[in-house]
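Worksheet for the structure shown next.
The values are calculated or read from the model by the stated rules, or taken from the named source; none is laboratory data. These numbers come from a predicted model, not from an experiment. Every residue, glycine as well, gets a Cβ built from its backbone with ideal geometry; the counts of neighbours run over all protein chains shown. Remember, those area values only see protein heavy atoms, side chains included, never the ligands or the DNA or RNA. Shrake-Rupley method; radii C 1.70, N 1.55, O 1.52, S 1.80 Å.
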Amino acid sequence: MKQTLAAAIFTVATVATASAQTGEAPNTILVLDASGSMWGQIDGTAKIQIAQDVVGTLLDTLPDGQNLGLTVYGHRTRGDCTDIETVVPPGPGTREAIRAAVMAIKPRGKTPMTDAVVAAAEALKYTEEAATVILVSDGIETCNPDPCAAAAALEEAGVNFTAHVVGFDVAGDPQAQAQLQCLAGNTGGQYRGASNAAELAEALTQVVAAEPAEPVAPLPARLRVTVREGSKTGPQILDGIKVFLTAPESETDEDPAAIAEAGKELSPGQYAVSVLRIIDEATAEAAVELTDGESEEVILVLQPYRPGATLAAPDQADAGATIKVDWKGPGGDRDYLSVATSDQKDDKYINYVYTNRGNPGELVMPTQPGSYEIRYIWQSGNEDVVLATRPITVVAVAGGLSAPDEAVAGTTIKVDWTAGGYDRDYIAIAKPGAKGGEYVTYVYANRGNPAELKLPVDPGDYEVRYILGQDDTIFASRPIRVLEAKSLVSGPAEAKIGQVVEVAWEGPGADRDYISLAIPGSEPGDYVSYTYANRGNPLELELHSEPGTYEIRYIAAGDKEKILASQPVTLSGHVVALTAPASAPKATEITVAHTGPGYDRDYIAIAKAGEGGYVTYQYVRGEPQVKVRLPEEPGAYEVVYYLGRDEVPLATVPLTVE
């Protein structure tokens, strides 16, 4: 049959722990391939079905006390090289759970063969304990480009790591066979071929029963090698490090450059100890003489690792401007570009932008002219390290403001400005001597030029300012005198509750200024009714529904709410009378005559006696009498005249619904 790049893997990962040496069953992880190629057939049967049957048989042969788990990959998503999942954690009594999980698998994804072996090795702590992986594959790795190199790395880093491999239906694919044989050979494991279900079962049984390789003896206690970066008092580094021991040729017949990191019995004598950091090939070495029965420690110190980085940016920029910085470097999630003074520490800056925001990065310049540095900051652990710098000169930007010398409080003026116009810059009104970030009113510069700036409602001397938003620097300013606003309101001195009256006014007429009806002595923002001043002049104001003495006010609503003018008004009640039948049959209409205000929202209602509200109603709409339909339910009711504003009852007569 034709082979594809999809690989079918079924892996048994075994840890030979100290418990195994005492007779206890070692932990085992079964890793089963659910990639798309498992739908391929052998003698009319899908390979996934063959694998499921073989796994079921294998489970029956394992000891009851075997600590067993299951990992599956390629079973959830298509085209995903990270689709690897431990479905059943290793433990005793898991055989039936594993059997059920295996039978439910539906292949669909790619074949991360090498990463599955690596994941199994890591789960088994292969750098601390002996570990064995048994792999069954039907083709070529589709994700990791070099299984051979990965196997060699596992062998080098592991305490006693072995991968046994079964090539399932790969006899016609020399490239796949070579890959699988290399994976086994580079780890000291066995390779076996299988072309059908019976051969697969036989090969799997053989590799499961294979004796684990003899564990490599640990590094003698007489020699301890410690590797540090930068300081002998710092933490020891282990990741990406190789340690070598070289013995004199006369000492043994072994390779004089034998790698000792896995532990090799060393006879007393002279040795050269060296360390290699793989990422940049930095080295350090020392000589040591081992004496039988005594301990020696060798500390090897490497210079701190620094990846390369470069920066490209203009030599000069305007104060507050955003420039583009081309960069090359590690590009880690927490790496960033910064602008700082030359005497600032690595982790200090004026502005910054993360490298993961894009290349080139967009970096905002300081607002103060002068000499600065652009830096590439690499975040190594909890340390900010400068990998590259380049100087930049920040120059002042000419600019200014044009605004009237004086204007009326609460009005809006136009301010022409010449400046950078950066996103967070703003035009503000502030008291003279106030700090840059302190203001009474403001508008963002990017809203337009000229800017429309509303003045404070309190008269006095102020400053119009252009503020650089990034640090509230006052870029430009000019004085302005805010004049007291002349204002008045003119309305009736007496009126009826709920009445709509005309009010003439004089004042700034700003967008949010309003005419209100309020209780005398209350705060400027308190009211019982209101209407915006820009609705007209004169304008209509609806009065309150309770009798009493009130104020009609002109309210300036700028930086705060202020009463600019007011006049008193007395509200009195209405004389209202109702004429209606004393009783009437249910669900009929009755005619109710009334004398009352007759406002638009006033209505005649039928309500249950003593309960308020209404059951049915009809708007009066200025008519002297209205027809109202009675409820379906007989009983004691009331006919009520309601003032539409606030639904205040003005008159009531009893009614019996029969």
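Some observations on this one:
- Filter result (among the polar types (S, T, N, Q) and out of contact with any Ser or Thr (no Cβ under 9 Å at 6 or more places or on another chain)) within region 133-185: Q175, Q177, Q181
- Tallying residues that are within 34 Å of the chain's Cα centre (by Cα) and crowded, with 22+ Cβ neighbours inside 10 Å within region 100-113 yields 6.
- In summary, strands (runs of 3 or more DSSP E) completely within region 436-518 and bearing 2 or more residues that are open to solvent by 40 Å² or more (accessible area, probe 1.4 Å) and closer than 14 Å to L401 by Cβ occur at 473-483.
- If you go through region 183-195 and keep only what is surrounded by 19 or more Cβ atoms within 10 Å (Cβ to Cβ) and modelled with pLDDT of 75 or more, you end up with L183, A184, N186, T187, G189, Y191, R192.
- Evaluated against (1) under 17 Å from Q618 (Cα atoms); (2) at pLDDT 95 or above, R553 falls short on exactly one condition, (1).
- Residue list for region 371-410, filter: assigned to a loop (DSSP other than H, G, I, E, B) and open to solvent by 30 Å² or more (accessible area, probe 1.4 Å): G381, N382, A396, V397, A398, G399, P404, D405
- Some residue of region 443-456 being over 37 Å from the mean Cα position of the chain (by Cα) and among the polar types (S, T, N, Q): no
- Residues of region 420-435 satisfying the condition of being open to solvent by 20 Å² or more (accessible area, probe 1.4 Å), in contact with a Gly (Cβ under 9 Å, 6 or more places away or on another chain) and of a type in the set (G, A, S): G420
- K562 fulfils the conditions (1) part of a strand (DSSP E or B); (2) in contact (Cβ under 8 Å) with a residue 40 or more places away in the chain; (3) loosely packed, with under 13 Cβ neighbours inside 10 Å except for a single criterion, (3).
- Answer residue from region 154-180, given it is touching a Pro at 6+ places or on another chain (Cβ under 9 Å) and over 15 Å from T114 (Cβ atoms) and is surrounded by the most Cβ atoms within 10 Å (Cβ to Cβ) among those: T162
- For L578, the criteria (1) open to solvent by 70 Å² or more (accessible area, probe 1.4 Å); (2) outside any loop (DSSP other than H, G, I, E, B); (3) at pLDDT below 95 hold in every case but one, which is (1).
- Checking each residue in region 527-543 for being open to solvent by 30 Å² or more (accessible area, probe 1.4 Å) and more than 51 Å from the chain's Cα centre (by Cα) picks out N537, P538, E540.
- The residue of region 37-58 that is modelled with the lowest pLDDT, among those that are over 16 Å from V72 (Cα atoms) and either in a loop (DSSP other than H, G, I, E, B) or of a type in the set (F, W, Y) (or both), is G40.
- None of A151, A120, A97, A116 is hydrophobic (A, V, I, L, M, F, W, C), open to solvent by 20 Å² or more (accessible area, probe 1.4 Å) and either at pLDDT 75 or above or part of a helix (DSSP H, G or I) (or both) except A97.
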